[in-house]
Amino acid sequence: AQTVTQSQPEMSVQEAETVTLSCTYDTSESDYYLFWYKQPPSRQMILVIRQEAYKQQNATENRFSVNFQKAAKSFSLKISDSQLGDAAMYFCAYTTRGTSYGKLTFGQGTILTVHP
Amino acid sequence: ETGVTQTPRHLVMGMTNKKSLKCEQHLGHNAMYWYKQSAKKPLELMFVYNFKEQTENNSVPSRFSPECPNSSHLFLHLHTLQPEDSALYLCASSQEGYGGNTEAFFGQGTRLTVV
């Protein structure tokens, strides 16, 4: 069975600074997808960024980037130039390629606070 | 707005009540999911439907009964729940198949309180 672990229950960052959220996972599969989802107080889960395991290049989406270390099974999220709107719960998630893409294994989540 | 709508947003029910949660997606997706989000726990996948057929039930108690009449609608029928069933219930949808977008879209959830 796959597992996803987020070891930081809470993180905080000053506005305009950079913060990194950690995620590790365990799987015996070689082909899979990793995701970071954001859940603001509105409770809407929003996809922030995705990484395909067979791609060595780290994914980037504007101010969001990942550090994907496949051998170490590590998948961290870096948020640059943090904004107040980035405050939310962030979830790392995993799914095996070839299965239903909504069939996700989630980590416990990290609450991110952004200070003005 | 993600194209996945859940109603009601909040629900309080007694342990002897029967209620239903509704999810509707306007994205043309062919797969739908129910998740349970409890405090201090990771999201738990409950049910998976592909093309209206249930393909996964993660050992969910029978007091939770899903129904998927078509690819756009998903229900979760609730009866004789326990206080520990209080949680946020999230619905999601995705497009399966070759070339499908790998993103799952979520609704805003129903906050359920069992008293």
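Tabulated data for the structure shown
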item: Tally of residues being open to solvent by 20 Å² or more (accessible area, probe 1.4 Å), of a type outside the set (Gly, Ala, Ser) and out of contact with any Gly (no Cβ under 9 Å at 6 or more places or on another chain) across the stretch B:16-28; result: 5
item: Strands (runs of 3 or more DSSP E) wholly inside the stretch A:14-111 that include at least 3 residues being touching an Asp or Glu at 6+ places or on another chain (Cβ under 9 Å) and within 16 Å of residue B:102 (Cβ to Cβ); result: A:32-39, A:46-52
item: Positions within the stretch A:60-89 being in contact with a Phe, Trp or Tyr (Cβ under 6 Å, 6 or more places away or on another chain) and either under 19 Å from residue B:36 (Cα atoms) or not hydrophobic (A, V, I, L, M, F, W, C) (or both), in sequence order; result: A:73
item: Inter-residue pairs, beta-carbon under 7 Å, first more than 9 Å from every other protein chain (Cβ to nearest Cβ) and in the stretch B:30-48, second in a loop (DSSP other than H, G, I, E, B), 6+ apart; result: B:30/B:51; B:30/B:71; B:30/B:95; B:30/B:96; B:46/B:58; B:46/B:60; B:47/B:60
item: Lone qualifier among A:71, A:53 - being under 24 Å from residue A:99 (Cα atoms) and buried (at least 17 other Cβ atoms within 10 Å of the Cβ); result: A:53
item: Given (1) more than 14 Å from every other protein chain (Cβ to nearest Cβ); (2) open to solvent by 40 Å² or more (accessible area, probe 1.4 Å), index of the condition residue A:27 fails; result: (2)
item: Odd one out for residue B:1, checked against (1) open to solvent by 60 Å² or more (accessible area, probe 1.4 Å); (2) closer than 19 Å to residue A:100 by Cα; (3) without any contact (Cβ under 8 Å) to a residue 24 or more places away in the chain; result: (2)
item: Some residue of the stretch A:82-90 being under 18 Å from residue A:34 (Cβ atoms), in contact with a strand residue (DSSP E or B) (Cβ under 9 Å, 6 or more places away or on another chain) and within 14 Å of chain B (Cβ to nearest Cβ); result: yes
item: The lone exception for residue A:4 - which of (1) more than 11 Å from every other protein chain (Cβ to nearest Cβ); (2) not in a loop (DSSP other than H, G, I, E, B) it fails; result: (1)
item: Listing of strands (runs of 3 or more DSSP E) fully contained in the stretch B:29-115 that carry 1 or more residues being open to solvent by less than 30 Å² (accessible area, probe 1.4 Å); result: B:31-37, B:44-50, B:64-70, B:73-79, B:87-94, B:110-114
item: Lone qualifier among B:57, B:70, B:30, B:50 - being modelled with pLDDT under 95 and closer than 20 Å to residue A:47 by Cβ; result: B:30
item: Filtered residue count, the stretch A:76-103, keeping only those that are open to solvent by 10 Å² or more (accessible area, probe 1.4 Å) and within 22 Å of residue B:51 (Cα to Cα); result: 7
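For every residue, the table says whether it meets (1) within 14 Å of chain A (Cβ to nearest Cβ); (2) of a type in the set (A, V, I, L, M); (3) in contact (Cβ under 8 Å) with a residue 40 or more places away in the chain.
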site	(1), (2), (3)
B:50	yes, no, yes
B:53	yes, no, no
B:56	yes, no, no
B:59	yes, no, no
B:64	no, no, no
B:80	no, no, yes
B:83	no, no, yes
B:108	yes, no, yes
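The values are calculated or read from the model by the stated rules, or taken from the named source; none is laboratory data. Because the structure is predicted, anything quoted here is derived from the model rather than measured. So basically every Cβ, Gly included, is an ideal-geometry build from the backbone, and we count neighbours across all protein chains shown. All accessible areas refer to the heavy atoms of the entire protein, side chains included, with ligands and DNA or RNA removed. Shrake-Rupley method; radii C 1.70, N 1.55, O 1.52, S 1.80 Å.
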